[in-house]
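Have a look at the structure below, then the notes.
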Amino acid sequence: MSSTFEQMRTNVGELLRGIDRYNPENLATLERYVETQARENAYDLEANLAVLKLYQFNPAFFQTSITSQILLKALTNLPHTDFTLCKCMIDQTHEERPIRQILYLGNLLETCHFQSFWQGLEENRELIDGITGFEDSVRKFICHVVGITYQNIERRLLAEMLGDQTDVQIRSWLSKYGWTENEDGQIFVYSQEENVKPKNIVEKIDFESVSSIMATSQ
């Protein structure tokens with residue numbers, strides 16, 4: 001049996017094609033689709049941007065709760081630029097709580113202040129009520145940053161960056177990304193040199209080009 005999200009995605013996809021994309025009468029359908037994404041840990045950036053665009057065109061229809069869910073879902077797709085796209089479409093007059101808190105948390109994530117992010121999230125747990133899979137999606141982004149930044153990292157530091165994860169949870173992340181740990185609590189991520197791929201550059205110069213250069217130099 002297909003999920004509600006899959007059932008709605010086809011209908012929403014058809015709705016977003018053509019002039020009906022910006023018909024405010026479709027907002028109710030699109031807003032239910034946002035709530036479905038949050039509930040089922042699914043994601044559709046195009047549809048969410050369409051909702052924000054409709055709010056721009058029709059400020060009276062603006063819904064703080066729906067906009068908050070859109071921003072939080074965008075954060076789950078870091079390091080892609082979805083969050084920046086979404087927040088640029090929100091008028092400053094709407095940046096009250098909880099949107100202001102979400103923008104603050106997003107800035108902490110984008111600037112890699114991970115420990116401060118978890119502290120801020122702990123103080124605002126109600127923000128992610130109903131956002132299935134939010135925290136683990138953020139942890140995937142943090143592991144992505146660790147993977148491109150570190151060769152070795154202390155287990156204690158990694159645990160803090162991932163939101164004070166338990167030993168069992170840390171081992172699960174190490175297994176997922178193929179990282180290893182030694183007896184001293186140092187986690188070997190991988191050598192950055194392994195990411196450097198040599199590239200052969202071949203330049204082809206035809207005879208006409210060479211002859212014209214030689215003629216010019218004479």
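The values are calculated or read from the model by the stated rules, or taken from the named source; none is laboratory data. Small disclaimer: the values here were computed from a predicted structure and weren't measured. All Cβ positions, glycine included, derive from the backbone under ideal geometry; neighbour counts span all protein chains shown. The area values use the complete protein model at the heavy-atom level, side chains included, leaving out ligands, DNA and RNA. Shrake-Rupley method; radii C 1.70, N 1.55, O 1.52, S 1.80 Å.
Observations on the model:
- Candidates in the stretch 55-81 are the residues that are open to solvent by 80 Å² or more (accessible area, probe 1.4 Å) and hydrophobic (A, V, I, L, M, F, W, C); of these, the one that is farthest from residue 100 (Cα to Cα) is 57.
- Those helices (runs of 4 or more DSSP H) of the stretch 30-93 in which 3 or more residues are of a type in the set (Val, Ile, Thr) and touching a residue at least 24 places away in the same chain (Cβ under 8 Å) occupy 64-75.
- Restricting the stretch 1-38 to residues that are open to solvent by 20 Å² or more (accessible area, probe 1.4 Å) and small (Gly, Ala, Ser) leaves a set whose member that is modelled with the lowest pLDDT is 2.
- Conditions (1) among the basic types (Lys, Arg); (2) within 22 Å of the chain's Cα centre (by Cα); (3) not in a helix (DSSP H, G or I): number failed by residue 17: (2)
- Evaluation of residue 70 against the conditions (1) over 20 Å from the mean Cα position of the chain (by Cα); (2) at pLDDT 95 or above; (3) hydrophobic (A, V, I, L, M, F, W, C) shows that the sole unmet condition is (1).
- Among the residues making up the stretch 130-150, those that are modelled with pLDDT of 95 or more and open to solvent by 70 Å² or more (accessible area, probe 1.4 Å) are 136, 140, 144.
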